[in-house]
Amino acid sequence: MAKYVYPAIFTPEKNGGFSIAFPDVEGCYTQGKDMAEGIEMAMDALCLMLYDIEEREGKIPAASDIKTIKCEDNEFVTLISCDTLEYRMFYDNKADKKTLTVPHWLNVMAERKGVNFSAVLQNALKEQLGLNG
């Protein structure tokens, strides 16, 4: 789970819009009807592919230096970034129920103070995993 930046090749289409390919990420292609949509779709496609690799515990491919990418005269290369942690938090937000045990005295004190056990556990897990920041 990290932030990534990869070069993408934008190819103008005859009917307008762009086809977009990531030479370093196998099978990562998308398109957009204009530049703004193309960049948005490229970010989404890249994030989805890298998220999938992370989920399968695969090896994230190294990103090429943008200066080494060869393209045709009508194409151009630009860098596209994505954050798989942000993507994960937005799209994979279903809740998993966990059963936990705490000493009775601690439970009584926490309930008296109106402590939200789920929030405390989520915050502690984020801190433990270094995701607070």
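Tabulated data for the structure shown
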item	result
Rounded percent of accessible protein surface that carbon and sulfur make up, the range 1-125, 1.4 Å probe	54 percent
Between the range 19-35 and the range 41-87, the Cα center-to-center distance that results, in Å	9 Å
Cysteines, the chain, no other Cys beta-carbon under 4.7 Å	CYS28, CYS71
Rounded accessible area of CYS71 (nearest 10 Å², 1.4 Å probe)	60 Å²
Violating pairs (Cα-Cα greater than 21 angstrom) within the set LYS33/LYS94; LYS98/LYS126; LYS3/LYS59; LYS59/LYS98; LYS3/LYS126	LYS33/LYS94; LYS59/LYS98
The chain - percent relative contact order, Cα under 8 Å, separation 6 or more	27 percent
FRET efficiency, 1/(1 + (r/R0)^6) with R0 22 Å, evaluated for LEU79 and GLU37 via beta carbons	0.80
Crossing angle, helix 117-128 versus the chain [Cα axis fit, 0-90 degrees, rounded to tens]	50 degrees
FRET efficiency, LEU121 to GLU86 (Cβ-Cβ, R0 30 Å, nearest 0.05)	0.90
Order by protection proxy (mean Cβ within 10 Å, highest first), peptides 94-102, 16-24	16-24, 94-102
GNM flexibility winner over the chain from ASN107, ASN15, ASN93 (Cα, springs under 10 Å)	ASN107
Qualifying GluC sites (Glu not before Pro) in the range 2-45, DSSP loop, other Cβ atoms within 10 Å at most 10	GLU26
Long-range amide H partners of CYS28 with built H, under 5 Å	PHE22
Reduced Cα scattering model of the chain, Debye log10 I(q)/I(0), q = 0.18 Å⁻¹	-1.00
The chain, helix-only ellipticity at 222 nm - DSSP H runs n ≥ 4, -39,500 (n - 2.57), divided by all residues, nearest 500	-12000 deg cm²/dmol
Accessible surface, the range 20-133, averaged per residue in Å² (probe 1.4 Å)	78 Å²
Phi-based couplings in Hz for the range 11-19 (Karplus 6.51, -1.76, 1.60; Gly and Pro marked x)	10, x, 9, 4, 8, x, x, 9, 9
Spatially proximal aspartates and glutamates relative to LYS14 (Cα-Cα < 19 Å; intrachain offsets below 8 disregarded)	ASP34, GLU37, GLU72, ASP73, GLU75
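The values are calculated or read from the model by the stated rules, or taken from the named source; none is laboratory data. Given the structure is predicted, the values throughout are model-derived calculations rather than measurements. Please note: Cβ atoms are built from the backbone with ideal geometry, for glycine as well, and neighbour counts cover all protein chains shown. Side chains included, ligands, DNA and RNA excluded: accessible areas come from the protein's heavy atoms. Shrake-Rupley method; radii C 1.70, N 1.55, O 1.52, S 1.80 Å.
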